[in-house]
Amino acid sequence: MSVLDGARNATLHDMVAMLQQQQAAKVDVVAPATALRSRDGAIALSHIDPVVDTDGVTTVNGLYVPTTGADATIAAKLGIPLKYLRRIRAERPDLYDANVNGWLHGKTRRDTHGHTSVVHPADDRSFLLRMFRGDNTEPGVMRALLSDSYGIIDHLDVITAVLDGMRQAGAEVEVRSCDLSDSSMHCKVYSPTVAELAPHLLAGYRDPFATPELEAERRRVAAGLDGWRRVAHDDGLGYRAGDEPVVFAGFRFSNSETGDGSVTLKPELYVQICRNGLTLPALAIRKVHLGAKLDNGPVSWSQDTQNKHLAVLTAQTRDAVRDWLSPHFLTAQINQLEQQAGAPVTEPEKTVTVLAKRLGFTDTERAGVLSHFIAGGQLTAGGIAHAITSFSQTVADVDRADALDDLALSAMSLAT
């Protein structure tokens, strides 16, 4: 397994194993612009002291190939249009080198008398480079070019802190799935013991993945449903096992190790029928990775510094879990949403097209949401929200999938 391997819908156990492998290969260096040079589309690092730690002495100078995400950070820091940078990487690596080196090192001119003058000054900044070491003679991987005041909080630390916070909260929880990309991690948690019927929010809704066109393997969540089945039966609803309009209390946590760095916690209503997750982004807790200015050279965080960062995150998780995974919170959110969910949608294609334009969906996303809306069979504003959150499960880009889930309830509101 490569350190760059991502994951979609992984178990917590598999996610931790992947992160431990990445952790062993990580190297973080603060370097002046003059220590960086692009060569055949890769970044050559030079004049940096070696890393000295419990593993011995490790040389960090060498060649590092930027990931797609790293190119985005290079473009942002050097003011190069990202679309252009990606094109020349693919088609003209010589122009890639010329653009990156030109902005890093500036330009000088030597006259006929041998005197050198500065035409364009070199970049006087230092940057934090997040990288993976290469194997033997192979180049390493450059993950990001960031500010030298970027506060590092790694995925593995976040998982550790959040799990500790959940333990302190004393709630019965399950991590239902984890996603990992080259820049971010997303984990979804729910409480199998905090659930409620939401008949209006899910009125007439069926699993869109049961249709031949959208068929996919899905694990059914059965824990904690017996009580709700009895309630449904007593009310004369008689839902089939697995099809009850049950919503669980849950939340998500995510982290970015590169780029737009932050740890985010946000509540979620988890729909058991087809694993849809209605997130509540307005209630999110976000901790941006801001730190003190770092000195040039390899970065080594003291355990005391890390513990202080993680203690805050653990406390925030503990308090959020106690609030968000409570029956009172779940009931309040469902009651609020059900007031809008039943609004009829009489012109599905027109409605989805208008919403897609307002919310910035691509044509592919618009078509996908419409397909899931029709397959879900719930021709209401609530059906729009569920269509977005079921479609998002088919999106390979984990960051975009999470962003789509954040837009679902806004779409429901706009459809009323």
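Here are some conditions: (1) more than 30 Å from Gly69 (Cβ to Cβ); (2) modelled with pLDDT under 95; (3) not acidic (Asp, Glu). Thr394 meets all but one. Which one does it not meet?
The single condition Thr394 does not satisfy is (1).
Conditions tested, residue by residue: (1) in contact with a Cys (Cβ under 9 Å, 6 or more places away or on another chain); (2) hydroxyl-bearing (Ser, Thr, Tyr); (3) under 30 Å from Thr193 (Cβ atoms); (4) not assigned by TED's automatic domain parsing to the domain that holds Val51.
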site: Arg109; (1), (2), (3), (4): no, no, no, no
site: Thr112; (1), (2), (3), (4): no, yes, no, no
site: Ala122; (1), (2), (3), (4): no, no, no, no
site: Met131; (1), (2), (3), (4): no, no, no, no
site: Gly134; (1), (2), (3), (4): no, no, no, no
site: Ala169; (1), (2), (3), (4): no, no, yes, yes
site: Glu172; (1), (2), (3), (4): no, no, yes, yes
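Give all pairs with beta carbons closer than 7 Å in which a residue from the stretch 1-15 that is on the phi < 0 side of the Ramachandran plot and part of a strand (DSSP E or B) meets a residue that is at pLDDT 75 or above and among the aromatic types (Phe, Trp, Tyr); count only pairs at least 6 apart in sequence or on separate chains.
none
Considering Ile80, Ile88, Ile74, which residue is over 24 Å from Lys26 (Cβ atoms) and in contact with a Leu (Cβ under 9 Å, 6 or more places away or on another chain)?
Ile88
Among Val398, Val345, Val352, which is the only one that is touching a helix residue (DSSP H, G or I) at 6+ places or on another chain (Cβ under 6 Å), hydrophobic (A, V, I, L, M, F, W, C), in contact (Cβ under 8 Å) with a residue 40 or more places away in the chain and surrounded by 14 or more Cβ atoms within 10 Å (Cβ to Cβ)?
That would be Val345, the only listed residue that is touching a helix residue (DSSP H, G or I) at 6+ places or on another chain (Cβ under 6 Å), hydrophobic (A, V, I, L, M, F, W, C), in contact (Cβ under 8 Å) with a residue 40 or more places away in the chain and surrounded by 14 or more Cβ atoms within 10 Å (Cβ to Cβ).
Determine, yes or no, whether Val263 is among the β-branched types (Val, Ile, Thr) and either at pLDDT 85 or above or outside any loop (DSSP other than H, G, I, E, B) (or both).
Numbers: among the β-branched types (Val, Ile, Thr): yes; either at pLDDT 85 or above or outside any loop (DSSP other than H, G, I, E, B) (or both): yes.
Here the answer is yes, as Val263 does meet what is asked.
Would you tally the residues in the stretch 31-66 being more than 18 Å from Trp103 (Cα to Cα) and touching a strand residue (DSSP E or B) at 6+ places or on another chain (Cβ under 6 Å)?
So the answer is 10.
Of the residues in the stretch 40-84, how many are modelled with pLDDT of 95 or more, loosely packed, with under 13 Cβ neighbours inside 10 Å and either aromatic (Phe, Trp, Tyr) or assigned to a strand (DSSP E or B) (or both)?
0
Among the residues of the stretch 148-180, which ones are within 30 Å of Ile43 (Cα to Cα) and buried (at least 20 other Cβ atoms within 10 Å of the Cβ)? Can you show your working first?
First, the residues of the stretch 148-180 that are within 30 Å of Ile43 (Cα to Cα): 148-158, 179-180.
Hits for the stretch 148-180 are Tyr150, Ile152, Ile153, His155, Asp157, Val158, Asp179, Leu180.
Quick one: is Phe361 surrounded by 16 or more Cβ atoms within 10 Å (Cβ to Cβ) and not in a loop (DSSP other than H, G, I, E, B)?
no
With the requirement that a residue be aromatic (Phe, Trp, Tyr), more than 27 Å from Leu180 (Cβ to Cβ) and within 24 Å of the chain's Cα centre (by Cα), what does the stretch 367-397 give you? Break it down into steps so the answer makes sense when it comes.
Looking only at the stretch 367-397, we keep the residues that are aromatic (Phe, Trp, Tyr), and these are 373, 391.
Okay, now just the ones that are also more than 27 Å from Leu180 (Cβ to Cβ), so 373.
Scanning the stretch 367-397 gives no hits.
Step by step: first the residues of the stretch 321-342, then only those that are outside any helix (DSSP H, G or I) and touching a Ser or Thr at 6+ places or on another chain (Cβ under 6 Å), then the one that is surrounded by the most Cβ atoms within 10 Å (Cβ to Cβ). Which residue is that?
Applying the first criterion (outside any helix (DSSP H, G or I)) to the stretch 321-342 yields 325-326, 342.
Filter once more, so that each one left must be touching a Ser or Thr at 6+ places or on another chain (Cβ under 6 Å): 325, 342.
Numbers: Leu325: 24, Gly342: 16.
That would be Leu325.
Please find, among Thr346, Thr389, the residue that is outside any helix (DSSP H, G or I) and closer than 17 Å to Ala203 by Cβ.
Values: Thr389 fails: outside any helix (DSSP H, G or I).
Matching residue, one of Thr346, Thr389: Thr346.
Output the residues belonging to the stretch 158-183 that are at pLDDT below 90 and within 25 Å of Ala396 (Cα to Cα).
Once the filter is applied, which keeps residues that are at pLDDT below 90 and within 25 Å of Ala396 (Cα to Cα), the stretch 158-183 yields Ser181, Asp182, Ser183.
Residues in the stretch 160-177: is at least one in a strand (DSSP E or B) and under 15 Å from the mean Cα position of the chain (by Cα)?
Looking through the stretch 160-177, at least one residue is in a strand (DSSP E or B) and under 15 Å from the mean Cα position of the chain (by Cα).
So how many residues does the stretch 85-141 have that are in a loop (DSSP other than H, G, I, E, B), of a type outside the set (Val, Ile, Thr) and without any contact (Cβ under 8 Å) to a residue 40 or more places away in the chain? Can you show your working first?
As a first pass, look at the stretch 85-141 and keep what is in a loop (DSSP other than H, G, I, E, B): 92, 106, 111-115, 121-125, 133-139.
Retained after the next criterion (residues that are of a type outside the set (Val, Ile, Thr)): 92, 106, 111, 113-115, 121-125, 133-136, 138-139.
With without any contact (Cβ under 8 Å) to a residue 40 or more places away in the chain added as a condition, the list becomes 92, 106, 111, 113-115, 121, 135-136, 138.
Of the residues in that region, 10 qualify.
The values are calculated or read from the model by the stated rules, or taken from the named source; none is laboratory data. Worth saying up front: this structure is predicted, and the values here are computed from it rather than measured. With ideal geometry, Cβ positions are generated from the backbone for all residues, glycine too; neighbour counts draw on all protein chains shown.
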